[in-house]
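Heads up: the structure comes next, in structure tokens.
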Amino acid sequence: MTHEFWLQDFETEAERRRQREDPPWSRGARLHPDVARSIQRFQVGEAGDGANLIAKAGGGTYLAAVRLFVAEEQNHARMLAELLKAAGVPTIATHWSDTVFVRLRRALGLRLELMVLLIAEVVALRYYRALRDGTDDPLVTQVAARILADEERHVPFHCHRLGIGFRSNPLRAAVFGGWRVLLLGVVITVAADHGPALRQLGVGRLVFVADVLTAFEAALARIRGDEPKPKAPHVPRRARPRGLV
């Protein structure tokens with residue numbers, strides 16, 4: 001894959017989004033109070049302007065792709081705000097978890113920003129899957145499914161760029177070890193903070209943590225360039241003729 005591939009991917013999705021109708025907000029939505037509070041916090045996290053990431057992206061094709069990535073994240077924030085509105089729930093201006101993430105992402109250069117961002121994306125994968133599958137409200141399911149489909153593209157997009165940065169880094173193993181520790185701290189915090197909502201959506205805290213850790217290891221494998229080995233086809237053993245030893 002190349003930056004040109006990802007730019008075309010984002011451009012294709014942007015055109016598809018322009019042609020697709022919005023979810024039917026006028027239908028209204030039903031949100032359990034715990035789930036509503038959880039969505040409020042995720043909405044804040046999706047609502048950033050991406051200016052810092054754009055400033056670090058350099059120029060050319062990658063910058064153009066990053067701008068379209070930011071636009072998708074802002075669309076997530078818009079849809080979550082509309083979903084809350086449809087349920088009669090206000091948005092919130094800030095949340096401590098988003099403040100911590102933003103400060104951490106802005107601490108150093110592009111690589112650290114993408115490392116922290118990838119943690120958020122992997123957590124979002126499991127969260128929006130829980131939101132999609134754990135409710136019987138059609139509007140909630142539709143919004144969560146749309147966001148999840150985007151997040152499933154965002155993770156490999158960031159892995160591609162990080163793979164370039166870590167390709168010949170002699171400290172990669174040590175960095176990955178520290179990265180895992182940071183991810184573990186984040187996902188435990190998210191599971192605790194959003195635990196009541198996850199319970200309403202049918203996902204236990206431990207299951208949520210385990211699933212995020214699994215997804216993160218898959219992302220690390222992608223960054224390393226590890227390709228899963230194809231399984232050898234199963235060939236049943238030929239039955240021996242009776243009477244032979």
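Any read-out appearing in this document is the output of simple, stated calculations on the displayed coordinates, not a laboratory observation. Because the structure is a prediction, the values reported are computed rather than measured. Cβ atoms come from the backbone with ideal geometry, glycine included; neighbour counts cover every protein chain shown.
Remarks
- Dipole orientation for the chain: of the candidates Leu114, Gln19, Leu31, Leu114 has the Cα lying most toward the positive pole (charges on Cβ; Lys, Arg +1; Asp, Glu -1).
- Placing dummy labels 7 Å off each Cα toward the beta-carbon, the span from Gln8 to Ala221 is 2.7 nm.
- Shown here for region 1-59: GluC sites (Glu not before Pro) in loop regions (DSSP other than H, G, I, E, B) with at most 11 other Cβ atoms within 10 Å, namely Glu21.
- Cα-based shape type of region 165-209, given that a ≥ b ≥ c are square roots of the gyration tensor eigenvalues and the cut on a/c is 1.5: prolate
- Available extension along the chain between Glu21 and Gln74 is 17.4 nm, counting 0.36 nm per residue and deducting the alpha carbon span.
- Net lengthening on full extension, Arg199/Thr61 (0.36 nm per residue, minus Cα-Cα): 45.5 nm
- Fraction in percent of alpha-carbon pairs per bin - 10 Å, the chain: 7, 29, 33, 19, 6, 3, 2, 1, 0
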